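What follows is a short report on a single structure.
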Amino acid sequence: MNTEALHVALQQSFSPDANLRLPAEKNIKNLKNVPGAAKMLLEIAAEQQVQYEIRQAASIQLKNLSRECWQERTFLAEIYGNGERISQVILSEDDKDYVRLNLVNALLAEPQKSIQDLMAETLHSIAIHDFPQAWPTLLPTLLQAIALSNDGSQALRVHNALLALRKVCKRYEFKQKDDRGPLNDIVAQAFPLLLPLAQRLCNTNELSIEAAMMLKQVLKIFWSSTQFYLPGDGTGLPLSNPTNIQPWFEVIQAALAKPLPEEAQPKTTEERNAWPWWKVKKWSAQIMSRLFSRYGVSARDSGQEAEQFATFFTNSAAPQFLGPICETLNLRPSGKFCTDRVVHLCLSFLDVAIELAPTYKMLKPHQDFLLYQVCFPTICLSAGDIELFETDPHEFVHRENSPLADFYDPRMSAITLVSNIVKYRGKYVVPTLLSFLQSNLQRYSAASADQKNPIEKDGTLLILGNLADILFKLKKYRPDVEGLLVTNVFPDFNSPVAFLRSRACWMIQRFSFVNWTDDGTHLRTVIELVLRSLSDPALPVQIEASKALKFLIEAEGAEQTLLPILPKILEEYFRIMNEIGNDDVIAALQSIIDRFGDHIEPHAIALVTQLTTAFNTYCDAGEDDDDALMAASQCLECIATVLKGIHERPELYRQLEPTLLPVIRRIISEDGDFIEYIEYALEILTFLTYFPEDISNELYDIFPLIYVAFDQWAFDYLGQMVPPVENFIGKNPSLFVSRQGVVSNQNMSYVDMVFSMITKTLTSTETYPGGFDDPSSDYEMRKALSLYMSLLLNCKGMLDNYLPSINDIVLAKLAEKVSAEIPLTRIDLFIVIGSALLYNPQLELMELEKRGVTQQVLSQWFRDAENMDKWLSRKVTVVGFCSILQIPTASLPESVKALIPQIIVIITKMTAKIEEEAKIPVGDEDDGVFPQMEEKEDLVGFDEDQDVHNSADDAYLEALNLQNLNGGGDELARFLMGDAYGGMDDDDDDEFISPLDEIETLQFYKGSLSTAFGREPVFFQEVQQTLPQEIVQLCQQLFVLADVQAQSGGQN
């Protein structure tokens, strides 16, 4: 193929004639196998006489080719197909040389924005591999073009050079400090050129689009170079030096403060949002906010230099930024335009500023302006919001519930700022703020119908609702909350204004913890109002009402009102669910089902049927509908709640199988398209396999699907697979051992599937990029080991042939973990060995002896016994060692025979601990839904001379600093995962159910020792003489206790 033929193929790929289009698409798809393809694509893309669409198509193909074929992708090197390594096509060095040589010039001359962006992305993907070593000319070429910035005729080349330079900087944006050497070189060479350019572009008389485009790119380069680390030593002008960075601070201030005459701006809001000069202001505000949060507080970093810079920033730079920030926020109150994004970022800056004493003291005189002229109008609904509410309620609900709102919505940043001012500086603001809000409510109540301002009232209630937790803690304001609701919220349930009815339902959610002081009338009233709102004509009202009921059902006395109409309530929820996929609605339904679990049985089949129908509907909505995907997950969680509620009626599970098994099959399919739902499917499967007396054939047929899912795409979900797999094993062990399934067109026994899952987990390794072991990997190993235990304990006498392979893997893993600081996995390995001893002590000791490790294994086990604090590890240790004592000493290996005194000491101490802990009563836990509010006499917070300190933030920052200092992630992982680090839900011993439960530990202990002494009295008499006296006495006490328990029927 030559350039002309490629041009024709690209042209024909747009043809409506399939006879032309399909062969052209096939040729284009094969370009990676065509020598010189990259060169030809670049020639076509760079030739401005070629049709735009064809140039764009060539640019896209060049970008894709460069990403895929510039360098071997290491993750593909591990993929095999049909037993052979997949080969990767890599561009020739001639093609690479041509692209590197000509791509930059083509980009610098390109006037079309979409092609500029595509070429810049191509440059970025190449720079990832080649810059700076294999592409030393790149930076000098770009800087040479930028140096011509004073020549107006070169504006296009300067802009495109800046665009390319930003792509190169972005390559290092997220790199660790020690890996940013090339970026430091870029800063040293480029910033002396960029600074005067940016200063000139910030001139108030410079309003050209070209100037805005260039200044935006300069700011983006600064952002990529500084958002995580300030370029430091070795750059020639380290930006951590206040003298060097101050001119850049002045540029950022000037960019935000730059006046934009009304007549120069586009006419529509959409056009203004996209106008380059507003993009410049967005980037300047974003940089200010980031610099403040990242470097403005000394705790954000470590070391003397960082402390000095934080002091400089807090006392000098941040106050400088406050001026343009506040001027920008004054645009809207002054009747001028400002984009939502810029308002959001400015408010985010102030949210940090109120935490530091120097900046808060500067803001304090302007607090009223900030709260009442900036934040309150921003919080109130706009005309566009109300139009959306009325004309597109689905989109309104989606936007109001979007988890991304915190990152772009100025309303959310205004609410956060008001809440934090009250939280941190409450003594200076709460009295006047509450007076302002109370005046709004009184004015609304007193006004005639045509004079009421529902928008103002909605904003007032929104603020009060977000302050609910804070106000309810204060003794001074707590008594007024009930009156606020009765006087100002209850009437809005009947308001002709739909968004006020919606706000009323929302307020009930926020103040659900109110203790009503009357005879119960208020509670009954609010429940009736919310129930009526479930069928409100406005969808957003229905959504908020359904969420409100979730909180009301926990109130004392609510059950009497709700139980008689439970079927009607469920019907309303399903009607709303059919209208819109909203996970909060389904979560509320789940709470209702959970709360009235004892009364759900008559509705269980109908509920599960409706929920599975809803799940399938939401799944079919497609991947682009995030709300539907979240609602689908909530449907499955709700099904699990129903299944939990009917556990006393196990026959119902069999009736639900025809409804649920198709859903489970759909999720646990071979392609993994529904991997986001697999945890819920496995939870449902756990209920179906646990509570019924037996497992149906249809359920057994699901088991191979679990194995295939694990083997092909769900390896990380072993922890969730273990409970149903253990149910399959334990429900009917002999049947399980006999069953087979078809996997890859071959029969495979269910036992072999389980062993394959265990082997794959225990022989794989995972490591975090920081160089430390992935604790979840250890967690998965322990889960896999529990499957060994389940097989050994349930399938006694059926797995003799598997015992050698079990020992091969377990002992190899034990050797790896013998010196591990956290012994959890090692202890679980001993649990497997103990289960094997209980399975067949003679065979297991033979396996240990065969490998010559008996004494080493038992000695390490003795040492780790001191760290065993879970009943499962203790019990298996006792019964495992007791099983050894059941073998005549003449049949024991000498290495074991010599350790019998130590075995008796261990099992005696451990049995005593088990019995001692069994006497400790389990306290009732308070599982109430409502938070326990600590009543406070007065406002708390920080004085104006104090910085705000947050213990959680300080802990995170300390961990982050340790990571930066040490280059490891251990401390950060411990912070993020808390007590779970290294443990990962190891408190599930209570959930393990097996034949082990039928063994009474104390009786097994006594029986084993009595049998051993009775069988070989001389030998064990000699052993007794070597035991410490306290062990002998403890043993005698345990024997007496065993007799007492045997008579009373007690057990452990």
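Observations on the model:
- Taking residues in segment 1024-1046 that are part of a helix (DSSP H, G or I), and partners anywhere that are open to solvent by 80 Å² or more (accessible area, probe 1.4 Å) and not basic (Lys, Arg), the pairs with Cβ atoms closer than 7 Å and at least 6 places apart or on different chains are 1045/1051.
- Flag if residue 29 is at pLDDT below 95, more than 14 Å from residue 98 (Cβ to Cβ) and either open to solvent by less than 20 Å² (accessible area, probe 1.4 Å) or of a type in the set (D, E, K, R) (or both): yes
- With respect to (1) in contact (Cβ under 8 Å) with a residue 24 or more places away in the chain; (2) assigned to a helix (DSSP H, G or I); (3) buried (at least 20 other Cβ atoms within 10 Å of the Cβ), the lone exception for residue 355 is condition (2).
- Options 185, 178: the member that is out of contact with any Leu (no Cβ under 6 Å at 6 or more places or on another chain), open to solvent by 50 Å² or more (accessible area, probe 1.4 Å) and at pLDDT below 90: 178
- Segment 723-758, residues that are among the β-branched types (Val, Ile, Thr) and not in a strand (DSSP E or B): 725, 729, 737, 751, 754, 758
- None of 675, 706 is out of contact with any helix residue (DSSP H, G or I) (no Cβ under 7 Å at 6 or more places or on another chain) and either within 28 Å of residue 780 (Cα to Cα) or open to solvent by less than 20 Å² (accessible area, probe 1.4 Å) (or both) except 675.
- Residues within segment 153-170 that are open to solvent by 30 Å² or more (accessible area, probe 1.4 Å), more than 17 Å from residue 140 (Cβ to Cβ) and touching a residue at least 12 places away in the same chain (Cβ under 8 Å), tallied: 2
- Considering only residues in segment 481-504 that are touching a Ser or Thr at 6+ places or on another chain (Cβ under 7 Å) and more than 18 Å from residue 437 (Cβ to Cβ), the one that is surrounded by the fewest Cβ atoms within 10 Å (Cβ to Cβ) turns out to be 493.
- The residues of segment 505-519 that are more than 26 Å from residue 432 (Cα to Cα) and open to solvent by 20 Å² or more (accessible area, probe 1.4 Å), listed by number, are 515, 516, 517, 518, 519.
- Scoring residue 329 on the criteria (1) over 21 Å from residue 412 (Cβ atoms); (2) crowded, with 18+ Cβ neighbours inside 10 Å; (3) modelled with pLDDT of 95 or more leaves a single failure, condition (1).
- Taking the conditions (1) open to solvent by 10 Å² or more (accessible area, probe 1.4 Å); (2) within 27 Å of the chain's Cα centre (by Cα) in turn, residue 372 satisfies each one other than (2).
- Qualifying residue in segment 446-465 (condition: within 23 Å of residue 350 (Cβ to Cβ), open to solvent by 20 Å² or more (accessible area, probe 1.4 Å), free of Cβ contacts under 8 Å to residues at least 60 places away in the same chain and small (Gly, Ala, Ser)): no
- Test: residue in segment 697-705 that is among the acidic types (Asp, Glu), touching a residue at least 24 places away in the same chain (Cβ under 8 Å) and either under 22 Å from residue 642 (Cα atoms) or assigned to a loop (DSSP other than H, G, I, E, B) (or both): yes
- Single residue of segment 630-664 satisfying the filter (under 17 Å from residue 585 (Cα atoms) and in contact with a Phe, Trp or Tyr (Cβ under 7 Å, 6 or more places away or on another chain)) that is surrounded by the most Cβ atoms within 10 Å (Cβ to Cβ): 635
- For residue 593, the criteria (1) touching a residue at least 12 places away in the same chain (Cβ under 8 Å); (2) in a helix (DSSP H, G or I); (3) open to solvent by 80 Å² or more (accessible area, probe 1.4 Å) hold in every case but one, which is (3).
- Criterion violated by residue 127 - all others in (1) open to solvent by 10 Å² or more (accessible area, probe 1.4 Å); (2) in a helix (DSSP H, G or I); (3) closer than 29 Å to residue 232 by Cβ satisfied: (1)
- Qualifying residue in segment 227-241 (condition: over 25 Å from residue 138 (Cα atoms) and open to solvent by 30 Å² or more (accessible area, probe 1.4 Å)): yes
- Entry remark, segment 898-907: residues being touching a residue at least 60 places away in the same chain (Cβ under 8 Å) and crowded, with 18+ Cβ neighbours inside 10 Å number 4 in total.
- Any hit, segment 138-152, residues being of a type outside the set (S, T, N, Q), outside any helix (DSSP H, G or I), at pLDDT below 95 and within 41 Å of the chain's Cα centre (by Cα): no
- Flag if residue 380 is crowded, with 21+ Cβ neighbours inside 10 Å, touching a helix residue (DSSP H, G or I) at 6+ places or on another chain (Cβ under 9 Å) and under 30 Å from residue 583 (Cα atoms): no
- Only listed residue being modelled with pLDDT of 85 or more and open to solvent by less than 10 Å² (accessible area, probe 1.4 Å), chosen from 529, 566: 566
- Of everything in segment 884-897 that is in contact (Cβ under 8 Å) with a residue 24 or more places away in the chain and hydrophobic (A, V, I, L, M, F, W, C), the residue that is surrounded by the most Cβ atoms within 10 Å (Cβ to Cβ) is 884.
- Of all residues assigned to segment 872-880, none qualifies as being out of contact with any Pro (no Cβ under 7 Å at 6 or more places or on another chain) and open to solvent by 30 Å² or more (accessible area, probe 1.4 Å).
- In segment 601-613, the residues that are of a type in the set (A, V, I, L, M, F, W, C) and surrounded by fewer than 22 Cβ atoms within 10 Å (Cβ to Cβ): 604, 605, 606
- Residue selected from segment 51-85 under the condition modelled with pLDDT under 50 and open to solvent by 80 Å² or more (accessible area, probe 1.4 Å), by the criterion farthest from residue 40 (Cα to Cα): 82
- Residues in segment 413-438 that are among the hydroxyl-bearing types (Ser, Thr, Tyr) and free of Cβ contacts under 8 Å to residues at least 40 places away in the same chain: 435 alone.
- Every residue from segment 614-624 that is hydrophobic (A, V, I, L, M, F, W, C) and open to solvent by 50 Å² or more (accessible area, probe 1.4 Å): 621
- Which listed residue, of 529, 523, is more than 35 Å from the chain's Cα centre (by Cα), in contact (Cβ under 8 Å) with a residue 12 or more places away in the chain and closer than 14 Å to residue 493 by Cβ: 529
- Within segment 814-871, the set of residues being of a type in the set (S, T, N, Q) and buried (at least 16 other Cβ atoms within 10 Å of the Cβ) comprises 825, 835, 840, 854, 855, 856, 860.
The values are calculated or read from the model by the stated rules, or taken from the named source; none is laboratory data. Predicted model, so just to flag it, every value in this text is computed and none were measured. Heads up, the Cβs are rebuilt from the backbone with ideal geometry, glycines too, and the neighbour counts pull from every protein chain shown. Please note that ligands, DNA and RNA were not included when accessible areas were found on the heavy atoms of the full protein model with its side chains. Shrake-Rupley method; radii C 1.70, N 1.55, O 1.52, S 1.80 Å.
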